[in-house]
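S.K.: Next up is a structure, given as C-alpha cells.
No lab work stands behind these numbers, since they all come straight from the coordinates. Here the structure is a predicted model, which is why all the values come from computation and not from measurement. As a convention, Cβ positions derive from the backbone with ideal geometry for all residues, glycine included, and neighbour counts pool all protein chains shown.
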Amino acid sequence: MGEVVSISTLDSETVLSLFERGIANGKFVFAAADPEETARRIALRDINASSVDELLGGGSAEVISGRNYLNKPFTLTSVEWQRSDDAFDQGLPFYAVCHIVTLDGEAKVLTTGATTVVRKLAKMAVEGWFPVQVKIVKGPKTDAGFEPLDLVKADF
C-alpha cells in the first residue's frame, strides 16, 4: 500500500493535488469535520444560490447519478466534494456533488465518483471555469471490462 494521506479539507485544490501526487496508491485518512467550517459552507451555498429552487430545494430534491445522466448536455455551475462511504475498496475516497442546470432550465444536483470526471471537475473549479456546458459520456470498454466515464464539452 502507498503512503498515508491525511485529508483535512475536502475542496477542489485538495482533490487536484491528490491527483497530482498519484491518488491510485494512497491510503486516505479524513480529519474530523470542523463544525464551523461545515456551517460556513452551508451558509455560502445558500448565499450563492441562483434561484429559489436552488436555495430551498423545491423541485430539485432528486439527486442524479452521473452514470444515469449520460450524453445529456447541462450547464455546470459549481462543484462540492463529499467523503465517499464506500471508497477505498472500489474507487476514490470522495465524490463530486455538481450543481447543474438542465436543458429545460431546472437546477439539479448530479453526483459522480468517476475518476476522470472528478479530476476534470477539480481542475475546472480551481481555474474558475464555471459555468460551463458539458456532458458525461461513456468511454470504450477497458481490457478489464470497465466502461469509464468522461466529461466533455457540450454545445447547445
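S.K.: Taking amide hydrogens as modeled 1.01 Å from N in the peptide plane, which residues meet the under 5 Å criterion relative to Val132, leaving out close sequence neighbours?
M.R.: Leu76
S.K.: Considering the dipole of the chain built from charges on the beta carbon (Lys and Arg +1, Asp and Glu -1) around the Cα centre, which of Thr116, Thr102, Ala43 is farthest to its positive end?
M.R.: Value: Thr116.
S.K.: Per DSSP H run of at least 4 residues, take -39500 (n - 2.57); add these up for the chain, divide by its residues and hand me the 222 nm value, nearest 500 deg cm²/dmol.
M.R.: So the helix-based figure for the chain works out to -8000 deg cm²/dmol.
S.K.: Can I ask one more? Using alpha carbon coordinates only, what is the Rg to Rh ratio of the stretch 4-153, with Rh defined as the Kirkwood radius?
M.R.: The Rg/Rh ratio comes out at 0.96.
S.K.: Give me the orientation-averaged projected area of the Cα convex hull of the stretch 71-156, in nm², one decimal.
M.R.: Computing the convex hull of the Cα atoms and averaging its projections yields 6.0 nm².
S.K.: From the backbone phi of the stretch 98-109, what are the Karplus-calculated ³J(HN,Hα) couplings (6.51 cos²θ - 1.76 cosθ + 1.60, θ = phi - 60°) in whole Hz, Gly and Pro given as x?
M.R.: Along the stretch 98-109, the couplings run 9, 9, 10, 10, 6, 4, 7, x, 8, 7, 9, 10 Hz.
S.K.: Right, next: Might you report the magnitude of the Cβ-based charge dipole of the chain about its Cα centre, with Lys and Arg at +1 and Asp and Glu at -1, to the nearest 20 debye?
M.R.: Dipole of the chain, to the nearest 20 debye: 420 debye.
S.K.: Picking from Val29, Ser8, Leu76, whose Cα lies most toward the positive end of the charge dipole for the chain (charges on Cβ: Lys, Arg +1; Asp, Glu -1)?
M.R.: Leu76
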